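Please read the structure below before turning to the comments.
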Amino acid sequence: MRVSSFQLRRKLRAGLLAAGVLWVVAVTAGSDTAVSAFSALRASLPLEVLRWELGDLWTEDSLSPAVVMTIGESPLLLAARPAVAELWQEAETPETPPEAERELVTTPVEETPLDVPSATDNGVPAKTLVPTDPSGYTVCGRTYISNSTDHALSVPDLQETFSAELTAEEPQILIIHSHGSEAYTPAEGTEVVWSGDHRTTDSRYNVVKVGDVMAEVFGEAGISVLHDRTLYDYPSYTGAYDRSLSAIQSYLAQYPSIHFILDIHRDAIEDGEGHQYKVVSAIDDTRTAAQMTLVVGSDGSGLTHPNWMENLRLAVAIQEQTLSQYSTLMRPVLLRNSRYNQHATTGSLLVEVGAAGNSPEEAALAGRLLAEEMVEVLEARSK
């Protein structure tokens, strides 16, 4: 049976129309309005026309028309197109989020659990962690520093006076929370609305409460403080440090009197089976506080941070003062490659207050004690 040219043309048109409809459906599948569908079509049509002209409609790799045009100029590259596509895909694959975007698990080189004092009963096992072997640490007085950078540390340099100081202008201190939804474990039976794994937007149980307590202590000491209670990690955890940095820059532009920035977090410590536990320090016969870790960033990641040593000197001074009063309250200082927005001032610190297993009360007490000792350090520096 012979098919006329008219019938062939009609079948061809029908086939092209069907292909066009399928293409439109595929391009606009994720659009929920007519405007967004039109925008998707307008963005895709020029590329598809270019692919048609290049004869590149049916390839399975993800090379863009621009790349296809470029390698088409070289027979050698065109013949090696599969290898080019593989290399291109590797280059386009997102890297693992930087360390500053991952929840910190601050486990120094070597710490030994001591006998556990009586702690708030919230159903979580408690440990008191202290360094017992100086190997792998830089030791400056009472302070142990776990250094994961390539920078060599000198004890005399660490003992020099830090540069940031209190002045007559206000405010002096900014408290912020890049990961504000990081939360603690209240007593069993407490109703908490969790927004993630050991995370909540309820400031009664997350690190924002610790910031409230610290701001209260600074205010009582006559030091003007701003407390930003924004949850920069909610609803999206990724990008939290970028968002908090924008806020920091805005605050500094509005209040150039700010010399000290405390980014308050909490740690995440697990046993070998993935169970959370809390780290505690006996304060007196009736109270336990969450152990804390000061984290100092550097320029080890390649980002500009020329004055990181000033932050480290501040951390050492606060650590020394605090340990003179509470011998097990502070875990070793951590010096890291990531800068954690600490390039903003020479008085910037990241403070890990307890771990996910600690109770909110233990974390609040720790924050209060640290703020009290920091007041002593800053007032002594300003005399």
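Some observations on this one:
- Of residues in region 177-197 being farther than 23 Å from ILE269 by Cβ and not charged (D, E, K, R), the one modelled with the highest pLDDT: VAL193
- Of the strands (runs of 3 or more DSSP E) lying entirely inside region 124-179, those containing at least 2 residues that are under 30 Å from TYR234 (Cα atoms) and of a type in the set (A, V, I, L, M, F, W, C) span 173-176.
Results for (1) under 30 Å from LEU303 (Cα atoms); (2) within 19 Å of the chain's Cα centre (by Cα), shown as yes or no for each residue.
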| position | (1), (2) |
| --- | --- |
| ALA183 | yes, yes |
| PRO186 | no, no |
| VAL193 | no, no |
| THR200 | no, yes |
| ARG204 | no, no |
| GLY211 | yes, yes |
| VAL217 | no, no |
| ARG229 | yes, yes |
| ASP233 | yes, yes |
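- Residue satisfying all of: in region 241-276; of a type in the set (Gly, Ala, Ser) and either crowded, with 18+ Cβ neighbours inside 10 Å or over 28 Å from SER163 (Cβ atoms) (or both); farthest from the chain's Cα centre (by Cα) among these: GLY272
- Residues of region 330-363 satisfying the condition of being surrounded by fewer than 24 Cβ atoms within 10 Å (Cβ to Cβ), among the aliphatic types (A, V, I, L, M) and not in a strand (DSSP E or B): ALA344, ALA356
- Residue check, ARG266 under 19 Å from SER348 (Cβ atoms), charged (D, E, K, R) and out of contact with any Gly (no Cβ under 6 Å at 6 or more places or on another chain): no
- Check on VAL279, surrounded by fewer than 23 Cβ atoms within 10 Å (Cβ to Cβ), among the β-branched types (Val, Ile, Thr) and either at pLDDT below 95 or assigned by TED's automatic domain parsing to the domain that holds VAL130 (or both): no
- Meets criteria (closer than 14 Å to VAL316 by Cα, surrounded by 21 or more Cβ atoms within 10 Å (Cβ to Cβ) and touching a residue at least 60 places away in the same chain (Cβ under 8 Å)) for LEU369: no
- Restricting attention to region 203-235, the residues that are more than 17 Å from HIS265 (Cβ to Cβ) and either charged (D, E, K, R) or out of contact with any Pro (no Cβ under 9 Å at 6 or more places or on another chain) (or both) total 9.
- Set side by side, the residues LEU365, LEU378 differ, and just one is within 20 Å of PRO171 (Cβ to Cβ) and out of contact with any Ser or Thr (no Cβ under 7 Å at 6 or more places or on another chain), which is LEU378.
- Considering region 154-177, the residues that are among the β-branched types (Val, Ile, Thr) and buried (at least 17 other Cβ atoms within 10 Å of the Cβ) include one that is farthest from ASN341 (Cα to Cα), namely ILE173.
- Any hit, region 178-193, residues being loosely packed, with under 15 Cβ neighbours inside 10 Å and either among the basic types (Lys, Arg) or touching a residue at least 24 places away in the same chain (Cβ under 8 Å) (or both): yes
The values are calculated or read from the model by the stated rules, or taken from the named source; none is laboratory data. These numbers were taken from a predicted model, which means no experiment stands behind them. Cβ atoms come from the backbone with ideal geometry, glycine included; neighbour counts cover every protein chain shown.
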